[in-house]
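Quick notes on the structure that follows.
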Amino acid sequence: MDDMVLIHEDKEYLKYCKEQIQEYLTINLKLKLNNKTQIFPLSNGVDFLGFHTYLTNTGKVIRKVRKDSKEKMKRKLKKFKKLYIAGEISKEQTKYSYSSWVGHASHGNSYHLIENINKKYKEIFEGDGLNGKINNKS
């Protein structure tokens, strides 16, 4: 893993840290920070490892699955349905991929999101969402 976030109230200290990290990487590992490295106010929130993390007015930390990740899973479920109906993917394969996403999402404040996506998954693969087009392909 090579992603990291440093949080500190003093911007000058963060600049110092960035310089020290860059120096360490250059001297010891012959690496450099990429050009995505930036310092910005925490009030903007932070996109990190598939989550958008931000502080509320009360100081509570909230971590939500990024919007693009939610949309991607919704599209994936539709694609899984088509592939499953065509016999190109098994129900078990869809379950592995879906379970992996749920595991990731569960590391955030995502209870309601997971419940909503679970309903969609169940409608497709456990309910009548296949409209009788499959004859027991599990």
Original post:
Out of Lys78, Lys82, Lys91, Lys36, which single residue is modelled with pLDDT under 95, farther than 29 Å from Lys11 by Cα and within 19 Å of the chain's Cα centre (by Cα)?
Top reply: Lys78
Original post:
Restricting attention to region 61-71, and to residues there that are modelled with pLDDT of 90 or more and surrounded by fewer than 13 Cβ atoms within 10 Å (Cβ to Cβ), which single residue is farthest from Leu113 (Cα to Cα)?
Top reply: Asp68
Original post:
Can you name the residue in region 23-67 that is in contact with a strand residue (DSSP E or B) (Cβ under 7 Å, 6 or more places away or on another chain) and assigned to a loop (DSSP other than H, G, I, E, B) and is also nearest to Gly103 (Cα to Cα) among such residues?
Top reply: Gly50
Original post:
For Lys18, all conditions in the list (1) farther than 30 Å from Glu123 by Cα; (2) out of contact with any Ser or Thr (no Cβ under 8 Å at 6 or more places or on another chain); (3) among the basic types (Lys, Arg) hold save one; what is the number of the exception?
Top reply: (2)
**OP:** Within region 92-112, count every residue that is more than 21 Å from Lys78 (Cβ to Cβ), surrounded by 11 or more Cβ atoms within 10 Å (Cβ to Cβ) and out of contact with any strand residue (DSSP E or B) (no Cβ under 8 Å at 6 or more places or on another chain).
**Re:** 1
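The values are calculated or read from the model by the stated rules, or taken from the named source; none is laboratory data. What you are looking at is a predicted structure, and each value in this text was computed from that prediction instead of being measured. Neighbour counts are summed over all protein chains in view; Cβ atoms, including those assigned to glycine, are modelled from backbone coordinates with ideal geometry.
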